[in-house]
Amino acid sequence: MLDWESIFATRSSRMKASEIRELLKLLDRPDIISFAGGIPDPELFPNDAFRRAYAEIFAGPTVGAALQYSVSEGYRPLREWLAGQMAALGIPAGVDNIFITSGSQQGLDYLGKLFLSPKDTALVTWPTYLGALQAFNAYEPTYDQLNPAGNRTPAAYAQAAAEAGGRVKFAYLSADFANPTGETVDRTGRERVLELAEELDIAIIEDAAYQSLRYGGEAIPPILALEIARKGDINNTRTIYCGSFSKTLAPGLRVGWICAAAPVIRKLVLMKQAADLHSSTINQMAIATVAERGFEEQVAKIHAAYRQRRDAMLAALETYMPAGVTWTKPEGGMFIWVTLPKGIDGAELLAKSIQTAKVAFVPGRAFFADGSGENTLRLSFSCANDRMIDEGIRRLGDLMRGEAAQAA
């Protein structure tokens with residue numbers, strides 16, 4: 001038989017299965033209360049709006065264009081609508097600064113391909129979004145820890161990158177309600193990341209997948225908005241804003257976008273031409289129609305639902321968690337990050353939880369580029385009702401109490 005491993009590219013050895021994608025299979029088990037999948041609740045999808053949008057496309061004069069090849073940049077009316085949304089966030093951008101991707105994950109893959117040569121360094125938070133690590137891993141980088149509240153010098157980052165055999169190419173972070181922690185980078189931290197990037201002369205990849213999901217607190221301008229305020233023109237900036245409709249409208253249509261300086265967009269267009277030519281035209285048209293007619297109403301609907309579920313989970317954690325367990329208190333998004341007492345391994349706890357407590361979550365180690373974080377885990381509240389949340393957290397609390405007693 002052919003030895004496939006001997007002819008695969010070396011980069012394939014860094015491709016790992018997603019623990020989260022595997023855990024999603026548990027959603028089909030009726031006996032499991034799942035806090036694992038960071039996915040939107042399908043009960044909140046604007047089904048009727050999409051049904052009307054697709055019907056109008058097929059009944060109207062644009063059906064031929066909807067089913068035909070299209071431009072790699074993306075459907076122009078959607079890009080025009082997005083330019084208006086960006087302006088509302090303090091990011092004045094033209095249509096030529098907007099590029100449509102097949103979900104934000106494709107955008108991360110393209111950016112990894114665009115910037116990373118083998119042994120180059122990507123700065124990421126500890127922990128960070130697992131999907132970003134998967135996207136970047138194929139391009140064989142080294143990772144270093146990005147801490148927006150830290151005081152590490154640019155020279156220290158540059159030296160570490162040189163010792164690893166390359167140079168720092170970008171800083172990646174999710175500034176609002178990050179996956180997995182739910183935490184938000186304050187304005188001071190965002191300014192520090194900008195200053196670090198200026199000193200190192202690198203790009204910033206701002207993953208804004210959850211930016212629209214704020215349920216409390218005061219909104220902070222995106223990093224790209226802060227940079228434009230400094231420099232006056234998006235085409236003079238180094239921040240690349242990655243957005244998505246997956247958490248607000250529907251993930252199955254796979255429509256995301258990148259907003260950035262025109263030279264970056266032009267390179268991304270060339271990459272898309274070589275990869276999949278263009279994202280689904282009909283899906284872009286449907287997204288544009290639904291967004292233009294009711295994006296704010298849809299966001300308000302999911303805010304109300306997710307705010308209640310977040311509050312229910314925070315209350316349950318306060319009620320049932322044993323001493324020594326701590327957690328984040330997010331102002332938005334879909335996640336709460338739990339830190340366990342030292343000596344309790346999240347992966348081992350999951351195995352016991354599935355077997356005895358019948359509760360699923362994501363062990364935290366997968367989110368750390370260095371494989372640390374064994375005593376952490378991620379909980380998602382987006383797809384659980386109040387009863388499930390209370391019962392599931394109660395079961396977890398009982399399990400953790402037993403584990404803590406054994407560890408002592």
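The values are calculated or read from the model by the stated rules, or taken from the named source; none is laboratory data. In this text the structure is predicted, and so the values were computed from the model without any measurement. Note that each Cβ is placed from the backbone with ideal geometry, even for glycine, and that neighbours are counted across all protein chains shown. These area figures cover heavy atoms from the full protein model, side chains too; ligands, DNA and RNA do not enter into them. Shrake-Rupley method; radii C 1.70, N 1.55, O 1.52, S 1.80 Å.
Structure data summary
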{"read-out": "Burial order of peptide ranges 204-210, 194-200 (average beta-carbon count within 10 Å, highest first)", "value": "204-210, 194-200"}
{"read-out": "Segment 296-301 - phi-based ³J(HN,Hα) in whole Hz, Karplus 6.51/-1.76/1.60, Gly and Pro as x", "value": "5, 5, 5, 4, 4, 5"}
{"read-out": "The chain, accessible area per residue, ligands and nucleic acids excluded (1.4 Å, Å²)", "value": "44 Å²"}
{"read-out": "Mean residue ellipticity (222 nm) of the chain, computed from DSSP H runs ≥ 4 via -39,500 (n - 2.57), nearest 500", "value": "-13500 deg cm²/dmol"}
{"read-out": "Sequence-distant lysines (8 or more away, or on other chains) whose Cα lies within less than 17 Å of Lys169", "value": "Lys113, Lys119, Lys267"}
{"read-out": "Cα-based reach from Lys342 at 13 Å (exclusive), listing aspartates and glutamates while leaving out same-chain residues under 8 positions away", "value": "Glu374, Glu403"}
{"read-out": "Distant-in-sequence amide H partners of Trp327 (H built 1.01 Å from N, under 5 Å)", "value": "Thr339"}
{"read-out": "Label of the coordinate-derived value, volume of the Cα convex hull per residue in Å³, listed as [x] 130; [y] 121; [z] 169", "value": "[z]"}
{"read-out": "With every protein chain in place, the chain: carbon and sulfur % of accessible area (1.4 Å)", "value": "52 percent"}
{"read-out": "Prolate/oblate/rounded call for segment 28-121, Cα gyration tensor, a/c under 1.5 rounded", "value": "oblate"}
{"read-out": "DSSP-defined beta bridges in the chain - what % are antiparallel, rounded to 5", "value": "50 percent"}
{"read-out": "Interchain or long-range residues, amide H under 5 Å from Gly332's placed H", "value": "Tyr215"}
{"read-out": "Area of Ile202 that stays accessible when all protein chains are in place (1.4 Å probe, Å², to 10)", "value": "10 Å²"}
{"read-out": "Packing rank of 72-82, 95-105, 344-354, where each peptide gets the mean count of other beta carbons within 10 Å, highest leading", "value": "95-105, 72-82, 344-354"}
{"read-out": "Relative contact order, percent, the chain [alpha-carbon distance under 8 Å, six or more residues apart]", "value": "23 percent"}
{"read-out": "Anchor Lys301: lysines whose Cα lies under 22 Å away (excluding residues fewer than 8 positions away in-chain)", "value": "Lys247, Lys329"}
